[in-house]
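The values are calculated or read from the model by the stated rules, or taken from the named source; none is laboratory data. This one's a predicted model, so the numbers in the text were calculated from it and none came from an experiment. Neighbour counts run over all protein chains shown; Cβ positions are idealised from the backbone, glycine included. In case anyone asks, the SASA skips ligands and DNA or RNA and just uses the protein heavy atoms, side chains included. Shrake-Rupley method; radii C 1.70, N 1.55, O 1.52, S 1.80 Å.
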Amino acid sequence: MIEPVQLPDAAALGPALVLGLTALVVFVFDSARPHEPDRGLLAGTTAAGSLLALGVGVWYMIAGVGVPEPDGAGVISLFDGQLVVDQLALFFMLVTAIVTALVAIASYDYMDGHAHQGEYYSLVLLAATGMATMAAANSLVTVFLALELASLPSYALVAILKDNRGSVEAGLKYFLLGALSSAIFVYGISLVYGATGVLQLDLVAEAITGETGQHVLTGNAHDVAGHDGLLGVGIVLLLVGIAFKTASVPLHFWAPEAYEGAPAPIAAFLSSASKAAGFVIAIRVFTTAFPVEATAGLVGFDWSVAFAVLAVATMTIGNFAAAVQENVKRMLAYSSVGHAGYALIGLAGVGAGANELVLGAALMHLFVYAFMNTGAFLFVALAEYWGVGRTFADYNGLGRRAPIACVALTVFMFSLAGIPPLGGFLSKYLLFWGSLQAGMLFVAGALVVNSALSLYYYSRLVKAVWFEEPVTDHGSLAQPVGLYAALIAAAVMTVVVLPGFGPIADSALDAATAVLTS
Amino acid sequence: MEGLFTFAPAIVLFPLVAFAITLLVGRYLPLGGAIPGIVATGGSLALSLVMAAAVAGGETTNELVYTWFETPEITFHFGLLIDPLSAAMLVVVSLIAFLVHVFSLSYMNAEGETGLPRYYAGLGLFTFSMLAFVVADNLLMSFVFFELVGLCSFLLIGFWYRTKSAPSAAKKAFLVTRFGDFFFLIGVVAIAASYGTLSFAGDASFVTAAESAIDSETFFGFDADTWVTITGLLVLGGVIGKSAQFPLHTWLPDAMEGPTPVSALIHAATMVAAGVYLVARMFGYYALSPTALAVIAFVGGFTALFAATMGCVKDDVKQVLAYSTISQYGYMMLAMGVGGYVAGVFHLLNHAVFKALLFLGAGAVIIAMHHEQDMWKMGGLKEQMPVTYYSFLAGSLALAGIIPFSGFWSKDEVLYDALIVGLSEPLILAAYAMALLAVFFTGFYTIRMVRLTFHGEPRSEAAESPHAIGLPAKIPLAVLGVLALVGGAMNLKPLEELAGLEVAFLERWLDGQGVGSVDGLTYHAYSETVHYGHEYIGGPEGTVILSAALSLGLALAGAGLAWTLYSGPEPTRHTERLGSLRDLAVANYYQDEYQVWLARGLTLPLARASDRFDQTAIDGVVDGVGSVSRFGGERLRRLQTGQVTDYAALVILGVLALLVVLGINGGWFL
C-alpha cells in the first residue's frame, strides 16, 4: 500500500478534492447533453464520487493520518497551517461523504421529472466539498471560505424546485438569514483578528495564552489583554455564526422553514452533513483557538458554560416544538434542532473534566445521527414521491402498504429516540455518561428528560404507520430502487453501529483526544 | 490460535450455518431440511474429535476471538477455551447432537410431521448455542449462550404449538429457568463489578482475582470469602434452574411435551448438563467457598432422592425418564459439592450417553406404539424390537448402576467421594445418605420401566402389532448402547485404588497429566483449594470396597424388587399399595401447586400494586410533563411566525442580549 505521506501533501485533502472533481465531472456530463440529462449517469457519478471520497478517507484513516508518529503518519498541515488533515477532519469528511452518497442515490428517484438535474447534483457535490473543507479548515479565513462554499450551493439547492412556491420561499428565507449570520460571523472574525493580530487558530491561542505584549508573528507591541472587550464580542459573534450553521438556539428559526420547503433529500443533506460540518468548525475553532481557562481569564466568561446553556436551551426548545407538530417533515426539522442540542454537550464538556469522553461521545452521536436522520428524511422523501401527504395522519397505515420502508422508518425513529439496541442509544448513553463524569448534572438531566419527551413524538409516527387504519387507499405502493436502497443502507448502518461500536467509538475518542491535546 | 485450534470456531459455526440454511430454504430441501443439520453436526463431531486429539497431544487453547467492547475497567469479549474438560464435552455434545439428528429421520420425517424445517432449524440453533456455551472462555459468553439454549428449549418444547399442553409446557420451562437465570445474571454483574474480569482461565481470571482478594479485600462491605459465597450462590441460581435441581426442577417433567429426540438431546444429555458443566467450568471459584460447596452437595443429594421417589410411581415412560434425569443431575451436583470434580464430570459424560440412549429408546417405543406413552399399555415388546430392547436394557442397567455398565463406575465414584468427605462433615454425610438411598429407588424405577415396557404380555392392540422402526432409529441406539456398556472404562478408579493399575484415565485427562492443560483448571489445582479433609473406614481400600458394595447392593436390591414385583405376563399395580404416600409422589409433592400459589398469591398482587403505582404516580407525572411540554410547544410555535423579518429581528435581539449579559459579566465596558 502506498503511504499517503509519499503522495504530495495536498493529496491529504483527498476526500474534498475527489468531491470537488466529481462536481466538475458532473458539469461536463451535463453540458454534453443539457436538454435531456441522463439521470442515472448524473446520480451514479455523484454517488460513485462520494463513495470514492469515502474510500479515500477510510484509507487515510487506516493508514494512520493524524495519528501521532511513530504509530501513524502524523497530522498533515497544508498551506502554512491554513488547512490541517487530522483524525477530526477525516472523521467528518467520512460523515459528509456518507451522507452525500445516500442523498445522491435517493435523489435519483426523487428528482425524477424535475428540471436542473445537472445543477442539482453538482451543487450537492460542491456543498459537500465545502463541508469537507470545513472539516480541515484551521484558520478563520479558511473556515469562512469553506463555510461559504458549503452555504451558497445550499441556498440554491433549497430553492431548486423553481415552480414550487414553498421551495422558493424557503430558499429565500434561508438565504437572507444565512447572509445575516455570515455577516455576523465575518464581523466576529475581524474583531478576533483585531484583538489578536492573527487568523490561524493555533496562533490565536498562542496570542491569548502568551500575554507577552508582543504580536506572535511580527514581535511588534500588541497587547491582547488591552482588547479584552473586542475579543469577547468577537467570540460571541463567532458563536452566533456557528449556532446558525448548526441550527442551534437562538439561530434555529430558519431550519424548520428551510427543511420543510426544500426537496426532502436536500433537507436530509442539510440537517445531517451541513450540521455536522458546522460542528466540526465549532469544535475546531473553540478548542484550538480559545483555550478555556486562558480565554476565560481574559474576557471574563467561560465559553464552555455558554455552550452548556445553548445545549440545554437548544435540546429543550427543539424537542418541545417537535412534540406539537402535525407535519412530519417539520417534526423532523425540530427534532434535528434537538439533536444539535445533544451534540453541543460535547463542547460544553470541554471546560469540565472528562472532556475527551464527552467530545468523543458528541462526535459519535453526529456519526450515528448522520445515518438515522438522513434515513428519516429519506423516508419523507419517499412519502413525497408516493404523494401520500405530509401530516402524521397521512402516514396512517403505511406499514401495510410498504412494510420494508416502514421497518426502516421504525429503526430510525427508535434510534433517534435512543432506544437500545440501536445506534442512537449508544451515542446518547455515552453523552449521558460523559456529562455525568464531567459533573454536568443539569445537562445530563436535561438530556434524559428531552430524550423521554422525544420518544413521544417519534413513537407517534411509528404508531401511525403500523397501528392506524389507512384513511383512503389500501393498495401497496411503488418501490423506487434508489430511495429504497438509500433507506435500507441507512437502516442497516443504524443497526450495525452496535456490533461495530468499538472501532467507531475508538476513532471518535481518538479524534476528540487529538484535537483537545494539540 | 495455532495449529489445529484454528479450526475450532468451525465446530460452533457449522450448526449455525445449518440453522441459517434450514431456516431460509429448508422448505425446498429434501427430508424437511434434515441434511444440513446432519452434515453440520457430523462435521462438528469430526472436528471435536480432532480437538480432543490435539488436547491429548498436549495442547490447549485459551484465545480471544472477538472483542465486543472494552472500557478501562473491563473488557467484554468472546473467546475459545479448549482444555480437557471442554474437549470431552464437545465430543459428547456433538456426538449426541449428530445421533439425534439421524434419529429424527425416523421419529419426525417417517411419521409425516409438518413444520420439519422449523424443527431442524431449532435443533441447529440449539447445537450451535450449546457448543458455543461449552467453549466459552468467560462468564458473560456463558450467560449469553446459556440463555440461547434456554430459548431453543422453549422453541422445541413448543414444537407442536397447536396442542394445548405443549405451549404451556414451553412457557413453564422458559419461566422457571428464567427465574434461576435472573440470579445468574446478577451474579455475572456482581463478579464483573468486583473483579473487573469474567474470564475463566489465565492470570486475568476472576478465580485468580478472588483467590488473591481473600483475606485482604472487602467488596461492598463483605469479606472477600463471604462475597465469593454470595456471588457463587447467585450463579448457582442459574445452575439450579437449568439442571433442574430442587426447587426449580418442576419444568423438566413438563418439558417432555416436546418431541422425544428433543427430550433426548436437550432435556437429558446436553442443555440440562449446562448447569453442572458451568459449575465444573468455574470449579476453581466454588472451591474457594466451603459454604457454596456444601449447598451444592446438599441440594444435589436431596434432589437425587426426591426425584427418584417420584420416578417410582409414574406411568408415562418419558415421565419416569424425566424424573430420573433430575435425580441423576442431583448426583453430579453432589459430586461437585464434595470436591469430586472428576466424579461429577465422569457421571455427566456417562449420563449424557445412557440417558440420550434411554430417551431415544423410549422414542423408538413410542413410534412403535403409535405415540402411546403409558407403560401399562405396552408390554411384550422384547421379541418384536430386539435392537431397541437390548440397547434400552444397556442404558437401563447403566442408569441403575449395575456393574459393569458405565453408570455403576461413575455413580460409585460420586458416592465414594461423598462418603470420604461425609465421614468428617455431618451435612455432607446426610447428603450422601440421601443419595445412597436414591440408588435403591433408581434400581427400582428403572427395572420397573423395563419390565412394564418390554416384558410380559402385550396389554394393548398397539403393543400387539407395533409399528416397525427404521434404520435411522436403530443405528443411534446401537452406537449409544455399546457406549453405555463400555463407558465406565474411562475411569476405573476402584481398580486403580485396589489393584494399583493405572486405569483412572479420565482423572489423568482432567488433571492434564500427559495431555494439555490450562493452568489452574486441573483436578489437583482444585483439590488443593477445596478445604475438605478425607476420612476412611478401614483405610482407602476398605472404604472403596464398602462404598461399592453398598451402592451395588442397594441397586441390585431395588432392581431385584422391581423384577419380582412386575414379573409375569400381567403385572399388577403394586405402587397403589403405598396409599397416600403414592398420591403424594404422583402429585409431585405438590411442588407445582405451591409454585403456582406463589405466582398467583404473592407475585400477582405485588404486580398489581406496582401497576397501580405506575398508572397513577408515574404516569401522572409523565402526563403532567406532557401537558406542560405541549403548552410550551404551542408557545414556541407562535414565535415561529414565518416572517423572515421577525426572525432577523429575533437574531439581532438575541445577539445583543448575549453581548450585554456577557459584557457586563466580563467587565468589557469598564
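Before moving on, here are some points about what is shown:
- Remark: the range B:576-635 carries 76 Å² of accessible area per residue (probe radius 1.4 Å; ligands, DNA and RNA excluded).
- In this structure, A:His114 and A:Thr391 have a Cβ-Cβ separation that, at R0 = 22 Å, corresponds to a calculated FRET efficiency of about 0.40.
- Within 10 Å of each Cβ in A:315-326, the average number of Cβ atoms from other chains: 4
- Converting phi to 3J(HN,Hα) with the Karplus coefficients 6.51, -1.76 and 1.60 and the offset θ = phi - 60°, the range B:577-582 yields 5, 6, x, 5, 4, 5 Hz in sequence order, with x at every glycine or proline.
- Placed amide H near B:Phe69: partners under 5 Å, 5+ positions off or other chain: B:Phe76
- For the residue pairs A:Lys428/A:Lys463; B:Lys172/B:Lys382; B:Lys242/B:Lys355; A:Lys173/A:Lys428, the C-alpha atoms sit more than 25 angstrom apart in B:Lys172/B:Lys382; A:Lys173/A:Lys428.
- Test item: Cα-centred dipole of the protein assembly as shown, Lys/Arg +1 and Asp/Glu -1 on Cβ, debye: 3360 debye
- 10 Å Cβ neighbours from other chains, averaged over peptide A:249-261: 3
- Interface residues, the range B:650-666 - accessible area loss of 40 Å² or more versus chain alone, probe 1.4 Å: B:Val651, B:Val655, B:Leu658, B:Leu659, B:Leu662
- Chains B and A together bury roughly 2600 Å² of accessible surface, counting both sides and using a 1.4 Å probe on protein heavy atoms.
- The range A:320-518 - percent of accessible surface contributed by carbon and sulfur, probe 1.4 Å: 69 percent
- Note on the range B:576-635: Kirkwood radius taken over Cα pairs, Stokes-Einstein applied at 4 °C and 1.567 mPa s, translational D equal to 83 µm² s⁻¹.
- For A:Val249, nonlocal amide neighbours, meaning residues 5 or more places apart or on other chains whose placed amide H falls under 5 Å from its own, are A:Thr314.
- If you take all other residues with their beta carbon under 13 Å from the beta carbon of B:Ala468, and give Lys and Arg +1 and Asp and Glu -1, the sum is 0.
- The three principal axes of the C-alpha atoms in the protein assembly as shown carry coordinate ranges of 111, 68, 62 Å, sorted with the longest axis first.
- With a simple spin-label model that places each label point 7 Å from the Cα along the Cα-to-Cβ direction, the separation between B:Asp611 and B:Leu13 comes to 4.7 nm.
- Gain on full extension, evaluated as 0.36 nm per residue between A:Leu516 and A:Lys463 minus their Cα-Cα distance, stands at 14.8 nm.
- Contact residues in the range B:613-636 (at least 40 Å² less accessible area with all protein chains than alone, 1.4 Å probe): B:Ser629, B:Arg630, B:Leu636.
- Relative contact order computed over the range A:134-275 (Cα-Cα under 8 Å; 6+ residues apart), in percent: 30 percent
- Å³ per residue enclosed by the Cα convex hull of the range B:521-577: 193 Å³
- Its Cα centre serving as origin, chain B has a Cβ charge dipole (Lys and Arg +1, Asp and Glu -1) of approximately 2220 debye.
- Accessible-area composition of the range A:109-186, carbon plus sulfur, in percent [1.4 Å probe]: 68 percent
- FRET efficiency for A:Leu21 and B:Arg27, using Cβ-Cβ distance with R0 set to 41 Å, rounded to 0.05: 0.20
- Note that the range A:320-518 presents 32 Å² accessible area per residue, ligands and nucleic acids not counted, probe 1.4 Å.
- For chain B, convex hull of alpha carbons as volume per residue, Å³: 224 Å³
- Taking other residues whose beta carbon is less than 15 angstrom from the beta carbon of B:Gly553, and scoring Lys, Arg as +1 and Asp, Glu as -1, yields 0.
- Taking a ≥ b ≥ c as the square roots of the eigenvalues of the Cα gyration tensor, an a/c ratio of 1.5 or more together with a/b no larger than b/c marks the range B:416-492 as oblate.
- Contact order relative to length of chain B, as percent, for alpha carbon pairs under 8 angstrom and 6 or more apart: 13 percent
- Considering only the Cα atoms of the range A:320-518, their convex hull presents on average a projected area of 10.8 nm².
- Fraction of accessible area attributable to carbon and sulfur, chain B (%, probe 1.4 Å): 67 percent
- Cα gyration tensor shape of the range A:330-377, rounded if a/c is under 1.5, else prolate or oblate by comparing a/b with b/c: oblate
- Each residue, B:Tyr66 and B:Leu561, gets one label point 7 Å from its Cα in the Cβ direction; the gap between the two is 5.4 nm.
- Average other protein chain Cβ within 10 Å of Cβ, residues A:222-233: 2
- A protection proxy built from the mean count of other Cβ atoms within 10 Å ranks the segments B:53-65, B:343-355, most packed first, as B:343-355, B:53-65.
- Contact order, relative form, for chain A: 15 percent (alpha carbon pairs under 8 Å, 6 or more residues apart, mean separation divided by residue count).
- Loop-located chymotrypsin sites (Phe, Trp or Tyr not before Pro) in the range B:536-619 (DSSP state not H, G, I, E or B) with no more than 14 neighbouring Cβ atoms inside 10 Å: B:Tyr536.
- The charge dipole of the range A:320-518, taken about its Cα centre with unit charges on the Cβ atoms of Lys, Arg (+1), Asp and Glu (-1) only, comes to about 220 debye.
- Rounded if a/c under 1.5, otherwise prolate or oblate - chain A, Cα gyration tensor axes: prolate
- Two-site FRET efficiency, B:Val586 against B:Glu111, from Cβ-Cβ distance with R₀ of 30 Å, rounded to 0.05: 0.50
- Selection of chymotrypsin sites (Phe, Trp or Tyr not before Pro), the range B:199-294, meeting DSSP coil and at most 15 other Cβ within 10 Å: B:Phe220
- Under 11 Å, Cβ to Cβ, from A:Pro265 - net charge with Lys/Arg +1 and Asp/Glu -1: -2
- Projected label points at B:His531 and B:Ile545, each 7 Å from Cα along the beta carbon direction, are separated by 3.5 nanometres.
- Rg(Cα) / (2.2 N^0.38 Å) computed for the range A:269-401, rounded to two decimals: 1.26
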